[in-house]
């Protein structure tokens, strides 16, 4: 499949990085002695929870909005999202004077809904098939779609995270990232592998929302009939054609992980690294702490802490599930 679908180029990722300078934060990388000792490798954390809007998503959104025509911007933009893309799209669109409408699941995080509205976006809560609901409001309003992950401009923007990892840690051996729809892992893996093919790139997704794993098994994008996970940021309803092609070409391994291990990793990141992260951001660390992803002793491993958009009430509910 990868051969029939366009793949982002290193030049496109670098062009995105040039455009985003001054518009997004260059987030820090932080080492953790505790995690390094536990795992037996040098662990560094790419802290995208400190990015504008609280996640990496704004990188791809701004890159995509920059590519729209004046006519497309004037019509307003629409998308579907569980929360982080919604916030980033609302923020980016408002910055450019573009109206935005985001379809979110009725059970979406109240914190993420409020933040999306706070950034200037209009939220449409939907039951059932979010794709169908988004198509309906797009047609009704004549809006321009800004996909949350399956778009080359979105992927290139996310790839700037990979560029920064290699610039800050040129001797990195392994890069681990969570997978929802696959936009982050697609861009990061492309940025890494097109410069340093020897780096191992691993994707992590919840057992209850394993769209990429199932798509890899089938050889084509699949839609999940149901998704059950605490990591709403990794609960994409389907895999994309572009993201699946990138995973097939650039990602060395995709593993599934249970929610309990994600929650346990959240606690470790809070107690030992002093980082309050959303479940999606803890998945990569969980895969290492559980041993589901094995790394050579003494190697350097970069984990992408993708976001920190979790409210106090939600955090209390999540922590109540921890033994």
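The values are calculated or read from the model by the stated rules, or taken from the named source; none is laboratory data. Worth saying up front: this structure is predicted, and the values here are computed from it rather than measured. FYI the Cβ positions are ideal-geometry reconstructions off the backbone, even for glycines, and counts take in every protein chain you see.
The residues of the stretch 167-184 that are assigned to a helix (DSSP H, G or I) and either within 17 Å of residue 284 (Cβ to Cβ) or touching a strand residue (DSSP E or B) at 6+ places or on another chain (Cβ under 7 Å) (or both), listed by number, are 168, 183, 184.
Looking at this structure, is residue 171 out of contact with any helix residue (DSSP H, G or I) (no Cβ under 9 Å at 6 or more places or on another chain) and closer than 14 Å to residue 302 by Cβ? It is true that residue 171 is out of contact with any helix residue (DSSP H, G or I) (no Cβ under 9 Å at 6 or more places or on another chain) and closer than 14 Å to residue 302 by Cβ. Here residue 77 qualifies as farther than 30 Å from residue 275 by Cβ and either in contact (Cβ under 8 Å) with a residue 60 or more places away in the chain or surrounded by 19 or more Cβ atoms within 10 Å (Cβ to Cβ) (or both).
Does residue 187 meet the test of being under 27 Å from residue 24 (Cβ atoms) and assigned to a helix (DSSP H, G or I)? So residue 187 passes the test.
Being crowded, with 19+ Cβ neighbours inside 10 Å and over 19 Å from residue 235 (Cα atoms) is the filter here; which residues of the stretch 120-144 pass it? Across the stretch 120-144, the qualifying residues are 121, 138, 143, 144.
Residues that are assigned to a helix (DSSP H, G or I), in contact with a helix residue (DSSP H, G or I) (Cβ under 7 Å, 6 or more places away or on another chain) and at pLDDT 95 or above occur in the stretch 132-153; there is at least one.
Can you give me the ranges of the strands (runs of 3 or more DSSP E) entirely in the stretch 194-310 with at least 3 residues that are assigned by TED's automatic domain parsing to the domain that holds residue 175 and surrounded by fewer than 24 Cβ atoms within 10 Å (Cβ to Cβ)? Steps first, please.
Details: elements: 200-206, 253-257, 300-305.
Here the list reads 253-257.
If you go through the stretch 147-184 and keep only what is over 20 Å from residue 26 (Cβ atoms) and free of Cβ contacts under 8 Å to residues at least 12 places away in the same chain, you end up with nothing.
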